[in-house]
Structure formats: structure tokens, C-alpha cells
Amino acid sequence: MLAILKKELNTYFKSMTGYIFMASLLFFVGLFFVLTNLMRMSPQYNSVLSNITFVFMLIVPILTMRLMAEEAKQKTDQLLLTSPISLPKIVIGKYLGAVSVLLLTLMITFIYPLILSTMGTVNWGEVFGGYIGFFLFGSALIAVGLFISSLTDNQVIAAVATFTVLLLFWFIDAIISSLPADQTSGLIFAAILAAAIAFVFYTATRNWYISGGIFLLGVLAVAAGYFIKPSIYSGLIAKVLSWFSLLSRYQDFSLGIFSISPIVYYISFSSVFVYLTVRMLEKKRWS
Amino acid sequence: MIQVENLTKRYGQHLAVDSISFTVETGEILGFLGPNGAGKSTTMNILTGYISATEGQALINGIDILEQPEEAKKMIGYLPEFPPLYGDMTVSEYLDFVSDIKGITGANRKKNMEKIMDLVKIGDVRGRMIKNLSKGYKQRVGLAQSLLGNPEVLILDEPTVGLDPKQIIEIRNLIKDLGKDHTIILSSHILPEVSAVCERVIIINKGKIVASDTPDNLSRGLGNSSRLNLRIAGQEKSVLKAIQELHGIIHLESLGVREPGTVDVMVEADPNVDLRRPLFHAMARASYPILMMKSMDMTLEDIFLQVTTQEKEVR
């Protein structure tokens, strides 16, 4: 795992990608620091970090597009997969490689709060909280990028797809607020969800009976839920979609509220996508 | 050392490998022959744990590659069809990385690397970026990678592709040397290579084993006649007539005039009859000098073509 991590870091800083990522992030942090902190004479450093989230979403693909796609394209995955190292270790090594580049960049930006502290009072607890939040938020995005990179052997496709998905995450709060919240639409949504699960099962097993059974079971459960407690369907769509609302969890950190639930959320979100990447690579070997 | 039982790989409807079974003894060099798309690389990819078999199992030294992949992979060095190289690493960085992921540690690590670089003769490019190397060097770096950690089993997919004739001979000799203390499976579609290096040959076609034997046995078993190619100075008709009178001739054919005043003849005789002496005496009596006499044994090429095109079971 350490070998993979070392190799990833090496590749980032031997090719231009690591530098490009760092340069663009540092440039925008510096820019927002000057604009919000220096020009307006504000000691609120966290507003810089939250301003930077959108820029960060745009440049995450630089970091992640290569991870799995390039190995598949150059057939170097053959070396990794036939060496005595387990698949989860390979994936985690790669993930940590990308995450360390982010960590390194964030450590450099720490200069700015230090500069700020020479000119005024900085609330260090708030700044540290903001950094932890930003790092976890970034790690979650990188996990998504890692997973998408494992779906293709083309870096450009991986980058564009990652970009699209992250953009969707960006807009998801706006989407949620304009969705219908009544019980009927929640019910329909639940039924569609059951159908989707059944379909996923069908693609995995190619068995009509099992997936049909799952669909029927799902519909029955949905219907039963409706008769027992119809209120669970009001606002269901928003509830489900908010699982993917990465940004809303970040708000707490930037406001200086330090609570455990967004930390758990980000770590589990990342873990799920790292796990999905492992599953994806495993599946490729069986197909 | 290697046991393969009913190995099958299906890609959707396409059957890439169709229940192949074979064993390789310790210290044996096995040649894998087959036309493109016969399933050679697929079989090797399954043996090394890169892809999974649909059915059947592969045991390396008694360890199932699917059930205990990490244990089994420790014993295998693999050179895939396209050497898995990172272009933006230097040769020594690359070998360092491979040593890392193979878990080679300790004092011997450096020595092992140096020895292998010597063996495949890449010491002079150790500081160069891999992407700037020629195909031959890349191939040798790939080979070096498979040798790292001194695995007991070597699986080499077309190891001499892209090398020049001198390097090919060097690598072949190297493989022969390695065969003394390694078990090797080697695929190729260069037939002289297989007959020069391998102790046993498996010919596969369309995912099935069509022949499996030593190269010598294969050429002997298939030839049901002995053939001679002759160039004789003399009139075509009278020469043919003189040969026709000999005993044991199955088939006689003129190949035409290649050199003025001579004729080329192909003689096919009963395998139990050695025609060369009677031919000499007969021609000497008739004073037709024999300018050339060549025995036309069935080469691996002929066997290969025969078994892969006629789909005939050879044993």
C-alpha cells in the first residue's frame, strides 16, 4: 500500500498534474485571501475556504482522472493485479496518494491564516475546523473521482464524467428545494427506486425470477409503508437526495460549528466510493 | 508445479478458453503455441490471477490462484503481452517500485536488482525514462520485472517480440538458463523459438488443446513419410525415370528447373526405407551428379498449420 502511495505521489509530481492542481488551488486561495481578507480587512478566514469550494470542484478531476483509467489504458494494471498485493490495498494506496496531494496543498495555504494573525485576531478553532471540514469534503470528492476513473480507460471521459457528477452535487441543494414534497410523489419515487434496485439485480444475475420477486417485494413494502404510516412519504425525494448533499454538510464547518455527524458522513461517503472502486475492478476481472 | 484443470473462460457468448487441462512439472519449459486469438494470453492471464476463470481451477504449487491469490502470486513472475511499464519512471525507479509491490526487502534487494539488470543487459539504460527506450529495451525491462524476487514460476507471453535477431538469441539462451531452476511457460508464434527452447509444446487453437508433446515427437508422430528434396544434373524425364525404378517410393514430383541443366525433384518414400544410398548409387550409375540432397522433415510449422487448419486431433 505504501509502495502504491509513493508511486502515485511520484507520478503526480513528475508529470504536470500535481503541480497544475496545486498551482490552481493555491492561486485561487491567494486571490480570495487578498479579496476577502486583505482588501475588506476581515479576519474571517473561513469565508476564503468556502469561496474556494466551487473552484475545488472544478479541479478535482485533474487529480483523479488518471488514477485508474491510465493504468487500464497502459495495461500497467496487469502488473498491479498480478503482484502479491490485494486489490483493496492498491485502491486505497491510490486514493491516499490523491488525498495527500490535497493535504499538502492545504498545508501550504496555512500561510494565509498565519499572515492574518500578524495583523489581527484569528479564531484558530474556527480555522482548524474549517480546514478539517475542507479536507474531508475534498477527500469525499476525490473518492467519487477515483470511482469514476475506474469505469473507463480514457482519462478525458473520466474527467468530464467526474466534472458532471460533481457539478450535480453542487446544484443538488437547489434541486432538492424545488422538488415536490407531497406524499404521492414520494410514493412514486419509492416505487421507481424499487424498480431500479430490481434492475440492478437483473444486470448482475441475469435472472428474471429473482429480480421480479425483488421488485414485487419492494412494491409490497412500499405499499405497506403507505398504509401503516403515510407520512414517511412526504418529502421522501428530498430526504434521499440530501444523502448526496456534500456541500450542506460543509456549511457547519465553515460557520465554526464542529460536530461529529458531518465528519462521520464524509468518511462513510468516501469509504463507500473507495469500496465501489474495488468492486468495480473486481467485476472487470470476472466479466 | 502448475496444474490446470478444465479451465474455461467465457466472454459473454464467446468462448475464449474451452476447458483446458494440463500440468507443468517443476523445472520444465513449456511452450504455448497457437494462432492469434487462440486463447494463449487469456490462459496466461488466468494463471497469473489477472482475470478469473469462468470454470475450472489453476493451482500453482498446489495453491489455488483464486482462493489464495497473494500466496500464489508470490511464486509467479509474469511478463504480459504488452510489458506493463510506467513511461515516466526511469528503469531503476521502475524496478524499485516492482520490488516494493512484490514485497522484496532486506539486504539482497539491491543485489538482486543489479544481478537481473546484468542478466537482461539493461544496466546501461538504468537512468533513462522508460518512455524513451526502444521496443527491445522495453521488452527487456519487462522481463527484468518478471524476474524480480526470483519467483519459482515464470510466465512469459511472447518474450522475444520486438527484439533484434542477436537479442532474440540472447534472450532464448537466458530463458534456457533460467529453465534450469525455474518452471517456465512461454507463449510464442515463432515456431523455431519454441522448438529451440521448450521441452514440451502445447498447441492450442480456438481455446482448445489440439496437440501436446515434445517438439521432436510432434514432428515424428505426424510425418507418415520421409521426404527428400534433390537437385540433379540431367534431363528431367530421364532423371525421373531413373528414380522411379527405385524401391519404396510413394510419390515422385518434379519441382521444375531452377538451375540450367538440372532438375529439382521431390521424393516421398516409405518411412522405413532410407533412400539416400540407393539414390546415390542409381544416379552415379546413370552419371547424373547429385548437386543437392535435403531431408524434408516435418517442421513445427507444418505441424502447426496442419493442426490449426485441419482441426485434426494429433496425438
Give the cross-link partners of B:K206 among the aspartates and glutamates, using a straight C-alpha distance below 12 Å as the criterion and excluding same-chain residues fewer than 8 apart. B:D18, B:E311
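Given the pairs B:K9/B:K111; A:K75/B:K102; A:K14/B:K166; A:K89/A:K239, which are separated by over 28 angstrom at their Cα positions? Don't skip to the end; give the middle numbers.
Numbers: B:K9/B:K111 40 Å; A:K75/B:K102 18 Å; A:K14/B:K166 35 Å; A:K89/A:K239 34 Å.
B:K9/B:K111; A:K14/B:K166; A:K89/A:K239, as the Cα separations exceed 28 Å there.
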Residue-averaged 222 nm ellipticity for chain A, from DSSP H runs of 4+ at -39500 (n - 2.57), nearest 500: -26500 deg cm²/dmol
Would you please give the residues with an amide H less than 5 Å from that of B:V201, counting only those at least 5 places away or on a separate chain, with H modeled from the backbone geometry? B:G31, B:D213, B:T214
Across 10 Å bins beginning at 0, the whole-percent shares of Cα-Cα pair distances in the protein assembly as shown come to 3, 13, 18, 18, 15, 13, 9, 5, 3, 3, 1, 0
Output row, site A:I232, 7 Å Cα→C-beta label point, backbone N cut-off 20 Å, window segment A:197-212, residues A:197-198
How shielded is B:79-86 by partner chains, expressed as the average number of their Cβ atoms within 10 Å of its Cβ atoms? 5
Starting with the fewest neighbours, write out B:H189, B:H182, B:H281 ranked by other beta-carbon atoms found within 10 Å of each beta-carbon. B:H281, B:H189, B:H182
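To make sure I understand, if each residue's beta carbon is the centre and we count other beta carbons within 10 Å, what order do A:T164, B:T8, A:T17 fall in, fewest to most?
Values: A:T164 12, B:T8 16, A:T17 19.
In increasing order of surrounding Cβ atoms, one gets A:T164, B:T8, A:T17.
In peptide A:69-77, what is the residue-averaged number of other protein chain Cβ atoms found within 10 Å of each Cβ?
Working: counts 0, 2, 2, 0, 0, 5, 7, 7, 2.
Rounded to a whole number, the mean comes out at 3.
Taking a threshold of 27 Å on the Cα-Cα distance, which of the pairs A:K73/B:K74; B:K180/B:K208; B:K237/B:K294 fall above it?
Numbers: A:K73/B:K74 25 Å; B:K180/B:K208 29 Å; B:K237/B:K294 21 Å.
Where the Cα-Cα span goes over 27 Å, the pairs concerned are B:K180/B:K208.
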Quickly work out the A:L104-to-B:E245 label distance, labels modelled 7 Å from Cα along the C-beta direction, and quote it in nm with one decimal. 9.1
Label-point separation (nm) for A:Q74 and B:E70, each offset 7 Å from Cα along Cα-to-Cβ? 2.6
Nearest-0.05 FRET efficiency for A:L167 and B:T105, computed from C-beta distance (R0 45 Å): 0.50
Rounded to whole Hz and in sequence order, give me ³J(HN,Hα) for segment B:188-204 from the Karplus expression 6.51 cos²θ - 1.76 cosθ + 1.60, θ = phi - 60°, writing x for Gly and Pro. 6, 10, 8, 6, x, 4, 5, 6, 7, 9, 8, 8, 9, 10, 10, 9, 10
Karplus-derived 3J(HN,Hα) from phi for segment B:110-121 (6.51 cos²θ - 1.76 cosθ + 1.60, θ = phi - 60°), whole Hz, x at Gly and Pro, runs 5, 5, 4, 5, 4, 4, 5, 4, 5, 4, 9, 6
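Once R0 is set to 60 Å, what does the formula 1/(1 + (r/R0)^6) return for the Cβ-Cβ distance between A:S178 and B:S134, expressed as a FRET efficiency to the nearest 0.05?
On the way: r = 60 Å, r/R0 = 1.01.
Calculated transfer efficiency: 0.50.
Take the Cα pairs of segment B:2-221, get the Kirkwood Rh, then feed it into Stokes-Einstein at 25 °C and 0.890 mPa s and tell me D in µm²/s. If you can, show how the numbers build up before the last one.
Numbers: Rh = 17.8 Å.
After rounding, the answer is 138 µm²/s.
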Using only DSSP helix segments of four residues or longer, with each worth -39500 (n - 2.57), what per-residue ellipticity at 222 nm results for chain B after dividing by its residue count and rounding to 500? -10000 deg cm²/dmol
B:T8 versus A:F258: modelled label distance in nm, points set 7 Å from Cα along the beta carbon direction: 6.1
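For every other residue with a beta carbon closer than 13 angstrom to the beta carbon of B:A282, add +1 if it is Lys or Arg and -1 if Asp or Glu, then tell me the sum.
Values: positive: B:K241, B:R276, B:R277, B:R285; negative: B:E245.
For residues surrounding B:A282, the net value is +3.
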Scalar couplings 3J(HN,Hα) for segment B:62-72 by Karplus 6.51 cos²θ - 1.76 cosθ + 1.60 (θ = phi - 60°), nearest whole Hz, x for Gly and Pro, are x, 9, 6, 5, 8, 8, 10, x, 5, 5, 5
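Where does chain A land on Rg/Rh, using Cα atoms and the Kirkwood Rh?
On the way: Rg = 21.7 Å, Rh = 21.1 Å.
Rg/Rh for chain A comes to 1.03.
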Using modelled backbone amide H atoms (1.01 Å from N, in-plane), which distant-in-sequence or interchain residues come within less than 5 Å of B:K102's amide H? none
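Each reported figure results from applying straightforward, stated rules to the coordinates on display, with no laboratory input. Predicted model only: the values in this text are computed from it and were never measured. Methodologically, a virtual Cβ is constructed for each residue, glycine included, from the backbone with ideal geometry; neighbour enumeration extends over all protein chains shown.
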